[in-house]
Each structure stands twice: as C-alpha cells, then as structure tokens.
Amino acid sequence: MSFGGEPRAGFASAFDRPSPQAPSTPPAPSPAPAMPALVLPVRKGRTVAVWVFGLLAFLLLALIAYFAEFIGAGASIVGLVLALIPLGIVLLGVRLIDRWEPEPKSLIVFALAWGAVVAVGLSLLVDLLLTLAVGQVGDVFGGVVQAPIVEETAKGLGVFLIFLIGRRAFDGPVDGVVYGALVGAGFAFTENIQYFGISLLTGGAEELTLTFILRGLVSPFAHAMFTALTGFAIGLAARRGASAAQALGSGALGLIGAIVLHAYWNGSSLLGDFFVLYITTQVPLFLGFILAIIALRREEVRLTQRRLSDYAAAGWFTPQEVTMLATPAGRKAGMRWASGLSGDRRRLMRSFIRDATELASVRQRAITRRDPYAGADEYALLMRTRQTRAQLLAY
C-alpha cells in the first residue's frame, strides 16, 4: 500500500478567491501548513442546538398524550412495537445509501424527530382545523388530495429546515435523499402506531395483521420515497451553492412531485385493485427509485475521486491513495491491508477514509464559494489525514 509524502508548495488556499483575471478558475488546494497542530473541523452549520431537541421532546409528550387519549395505552404500545419493524427496514436502507459519506448524527436524529413528531403534529392540527372549517371530508378527497398536500408539505418543511440549519452538511442530492427519507421514515413510524392501534381496536388481530402486512411489509418505504423527492430537489440546489430562496424554489418543485406520487399511491388503494396496481406500477416505481439511488451514489463516488485528485496534484495524496480512498474496491482493499498490520488497524483506516471523504466535500464547497469555514475545515482534515497516515505506517 503506497502513501504520499509531503505536499509541494505553491498552491493557494482553498478559500482564497480567484483573481479578477481568472474568475472561473477554482481555488487550488492549500499547501502544507508550517505547524502540524491538530484542530477539529468547524461544527457550526453541521449540528442542531440542544434546545431544539428539548422542544421536540416537549412536543413528543403532547403526541403521547394524544395517543393515550384517542387510542388508549394498550393499543398504542402494540402499535409502537409493530411500527418499529418497518422503521428498522427503512433505516437499514437509508444506512446503505448514506454509507459513502455519513451525515452528522445530530441532523439524522433531527430528521427522524421532525417526521415522527412535528410533521405528524402539524398534519393532525391542519386536519383538525379543516374539519372545523368545512366539516368531515370523504375518504377519496382526504386520501388523494388533503393527505398528500398536508403531509408532504409538513415533511418537506423539515427537509428545508435541515438545509438551513445544517447547510454545511447538505452537500448534494444524495444527502437530500437521505434527509428526506429519514423525515419520511419518522412520519411513517408515528402514523403506523396510529393505524396499527386503530386496527387492533376496530377489527382485532385479523385486521391488525392485514394492516401490518400492507403498511409494514408491502410498502414500508412509501413515505420515505415521497419525501426523498423533495430532498433530492433541495440537494440539487445545494450542490450548486444555491441561496436559501433558491433552495426553497427547487424544493417546491420536488414537493410537487412528492405530492403527486403520494396521491397516486393513496389513490391506488382507494380507486382500483390495490394489488394489481401495486405489482404493475408501484413496484416498478420503487425499482426505478433504487436505480436512481445507485446512479446518484456512483456520481458521488466520481465527485470524491475528482476532488481528492485535486489534492493528489498538490502532493497531499498519491494516485494510489486516491484509488484506495475514493473507490469501493479500493476501500475494501485498504481495510484488508489495515487488518493485517500490527494490532489490526482497521479503525485507523476507517478514520482515514472518513476524513478524506469529508475533505473532498469541503473542497467542493470551497469551489462553489458556499462555505465560509472551508479553509478551516480543510486545514483540520489535512492534518488529521496526515496524522492517521503516520499512525498506519508506524511500527
């Protein structure tokens, strides 16, 4: 396994603006700093404030009171236990999508909490207000029109807030899909508690079983897939360095797609033979969603390679290291090599890969001029990768 040496001098800082004579020239990677002191990447713009989680906890208590009042504690507990199964399935799928460049844990928790608590609460509140204003609507209007508009808007607002709060961790369409799917997963989790609990109360074990199969096993990814469209659109804007207003406009287009897909999904169970439509249209839609995710992941890999190649050109990495750090096969080979070192150094290799991947994202943000802390992050990550390399090679 080959490792690079010291970088060559003569490269401008990654956050210096290009000269007026060459406005389209992206900034070059920075040279080796004079001092090897280790610092941490800037957390601002990548975390959620503690008080926000405190507010979410308060809203959660209100939601628990709602379930206890209208469904009952026993049915709510049964619904909760069963709802954990489809939630686990979706989280496993999201984990597979997010493995290349994992998102910050606080933003992941916030996305889930927004969907499970705030989006559900907003949807219930709007439904109540509409009922008070115009009376009870029919099942078709409620399922095909009202629910898709209200629910997707409430979920999409959460994805947009994640963009505002954690803009420095919202790097592109894959991140948008991850955050959107997490918000959708949280929403489906709470909604499933209600559906499972009501099914148990109204139809006993037989109706509960049917509802669990349809919602928990046949279509666990439905809400995640709907809101992922909104996240994808916001992620495209984030990749281009869009402003908040531009991201909102892009997200609105994705929201329209999410509403249409949600309405079609609900309509297939109300207006026709659900199982026929499920096999002929919903399954192909889901397979198309998977293929789109695979294509996005491949583009993410290519972008990581391009950005790390910038640092290779500056002498920070060798071409062999770029292959090891920025390709799936190279990462597997690197982990095998690290496992054979004295003391099994796979933990160090995982750190090396993680920091290098984040460094590529920092480089991309520097090029699009959308991260004022890119220089500080670049410095910290270059120092960390250099230290990790030394530890991997230490005897």
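Summary table
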| quantity | calculated |
| --- | --- |
| Choice from VAL322, VAL126, VAL94 showing the highest fluctuation, given a GNM over the chain with Cα pairs closer than 10 Å | VAL126 |
| Of every Cα-Cα pair in segment 302-393, the percent that sits beyond 23 Å | 20 |
| Karplus-derived HN-Hα couplings along segment 103-113 (A = 6.51, B = -1.76, C = 1.60, θ = phi - 60°), whole Hz, x at Gly and Pro | 7, x, 4, 5, 6, 5, 5, 4, 4, 4, 5 |
| Local electrostatic count at ARG298 - Lys and Arg +1, Asp and Glu -1, tallied over other residues with Cβ under 14 Å | +1 |
| Environment charge at ALA147 (Cβ cut-off 15 Å; Lys +1, Arg +1, Asp -1, Glu -1) | -3 |
| Within the chain: Cβ-based charge dipole about Cα centre, in debye rounded to nearest 20 (Lys, Arg +1; Asp, Glu -1) | 1920 |
| Simple Cβ-charge dipole of segment 50-272, Lys/Arg +1 and Asp/Glu -1, about Cα centre, in debye nearest 20 | 640 |
| Spatial separation of Cα centroids for segment 196-256 and segment 88-114, in angstrom | 14 |
| Dimensions in Å of the chain - Rg and Dmax from alpha carbons | 23.7, 75 |
| Segment 136-262 shape via C-alpha gyration tensor axes, a/c threshold 1.5 | prolate |
| Nearest-ten-degree value, helix 120-134 long axis tilted from longest Cα axis of the chain | 40 |
| ³J(HN,Hα), Karplus 6.51/-1.76/1.60, whole Hz, each residue of segment 218-226, x for Gly, Pro | 7, 9, x, 8, 4, 4, 4, 5, 4 |
| Straight-distance crosslink candidates among lysines, where the alpha carbon sits under 23 Å from LYS105 and sequence neighbours closer than 8 are dropped | LYS44, LYS155 |
| Average Cα contact separation per residue, segment 139-268, under 8 Å, 6 or more apart, as relative contact order % | 39 |
| Ranked packing of 174-185, 297-308, 138-149, most packed first, by mean Cβ within 10 Å | 174-185, 297-308, 138-149 |
| Using alpha-carbon coordinates, inclination of helix 346-367 to the longest axis of the chain, degrees | 90 |
| Ordering of 241-250, 64-73 by packing [mean C-beta count within 10 Å, highest first] | 241-250, 64-73 |
| Prolate/oblate/rounded call for segment 50-272, Cα gyration tensor, a/c under 1.5 rounded | prolate |
| Residue (of PRO319, LEU122, ILE108) at the positive-pole extreme of the chain, dipole from beta-carbon charges | PRO319 |
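Every read-out reported here was derived from the displayed coordinates using simple, explicitly stated rules and does not represent laboratory data. The shown structure was predicted, so the numbers you read here are calculated from the model rather than taken from an experiment. Positions of Cβ are backbone-derived with ideal geometry, glycine not excepted, and every protein chain shown enters the neighbour counts.
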